[in-house]
Amino acid sequence: MSVAASVPEPVSVVPVESAERPLLTQSWLDLAFLHWAVDPGDVAHLMAPGTVPDTFDGATYVGLVPFRMHRVGWFRLPGVPYLGTFPETNVRLYSVDANGRRGVVFRSLDASRLIPVSIARTVFRMPYLWSRMAVRHSGGTVSYTSSRRWPGPRGTGSRITVRPGARIQEPSALEHFLTARWGMHHTAFGRRVYLPNSHPQWPLHRAELVECDEGLTRAAGVRTALGEPVSVLYSPGVAVRFGRPTRAGGVPAPLGTGPARRPASS
């Protein structure tokens, strides 16, 4: 796949767009960020159409991010307490499109609520999967477990435990690159879209990886042997707003009425 990309937009620790008229609201809580460096050529075939791997010092990254989704809501309505609240674990890659917009590409999103999973798969063509999941705090550690139920491979899952440490006062350039991602690249019903998000700057903590036994990255198509992650972080979380999606060329998609994003200059 070849994409003639503009110079990527600068990495920004604050949202690129404000999402004043949100399409979705939610909170992401108790997040662990596990990242492995890989050669861009090893994952280029897994990217969304119209994107290429985003790189930092010549490498791109595979991210495994377990967390608690909290009170997903539409527009400005209150978030849903039960169906909109559940554990989730994402396998994600780092993308840049022809307009220079940085984002993520989700290869899989395991979640513990069947109805939201079914809606996301059917209506939005997102790669959500129904899994048995839990997030637990114990003795200064946070543990995340998952076991896939549908559509499979059944039993594929993960056991991850981290011990959060001190707050990071000045995150490194790489830590900003991995966490300050203000949009998602996705293809649904043959249309390429970019879905922007907005939230406060991440409160990030150093974290010790106590346990990591996972089959999610391989099930998501990552065939490279990953070894030990090069970055392990923890965040208590942020409140998030998603703006209206735009098409690949910056034209507002039918779902949205907000302004089009200005393409990055070459």
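The values are calculated or read from the model by the stated rules, or taken from the named source; none is laboratory data. Just so it is clear, the model here is predicted, and its values are computed rather than measured. We place every Cβ from the backbone using ideal geometry, glycine too, and count neighbours over all the protein chains shown.
Can V96 be described as touching a residue at least 24 places away in the same chain (Cβ under 8 Å), under 27 Å from L24 (Cα atoms) and buried (at least 18 other Cβ atoms within 10 Å of the Cβ)? Criteria met by V96.
Okay, residues lined up against (1) at pLDDT below 95; (2) at positive phi; (3) in contact with an Asp or Glu (Cβ under 7 Å, 6 or more places away or on another chain); (4) surrounded by fewer than 14 Cβ atoms within 10 Å (Cβ to Cβ):
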position: D213; (1), (2), (3), (4): no, no, no, yes
position: E228; (1), (2), (3), (4): no, no, no, yes
position: G243; (1), (2), (3), (4): yes, no, yes, no
position: R262; (1), (2), (3), (4): yes, no, no, yes
position: S265; (1), (2), (3), (4): yes, no, no, yes
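Among the residues of the range 30-70, those identified as surrounded by fewer than 17 Cβ atoms within 10 Å (Cβ to Cβ) and part of a strand (DSSP E or B) are F56, A59. The residues listed here are L174, L195, L178; of these, the one that is in a strand (DSSP E or B) and either touching a Phe, Trp or Tyr at 6+ places or on another chain (Cβ under 9 Å) or buried (at least 19 other Cβ atoms within 10 Å of the Cβ) (or both) is L195. Here A134 meets the list (1) without any contact (Cβ under 8 Å) to a residue 40 or more places away in the chain; (2) under 21 Å from the mean Cα position of the chain (by Cα); (3) surrounded by fewer than 19 Cβ atoms within 10 Å (Cβ to Cβ) almost entirely, failing just condition (1). Exactly one residue out of P8, P22, P78 is surrounded by fewer than 20 Cβ atoms within 10 Å (Cβ to Cβ), within 19 Å of P196 (Cβ to Cβ) and at pLDDT below 95: that is P8. Please determine whether any residue of the range 121-137 is closer than 25 Å to P15 by Cβ, assigned to a strand (DSSP E or B) and in contact with a strand residue (DSSP E or B) (Cβ under 6 Å, 6 or more places away or on another chain). So far as the range 121-137 goes, yes, one or more of its residues are closer than 25 Å to P15 by Cβ, assigned to a strand (DSSP E or B) and in contact with a strand residue (DSSP E or B) (Cβ under 6 Å, 6 or more places away or on another chain).
Residues that are over 29 Å from P171 (Cα atoms), at pLDDT below 90, more than 18 Å from the chain's Cα centre (by Cα) and not aromatic (F, W, Y) occur in the range 183-190; there is at least one.
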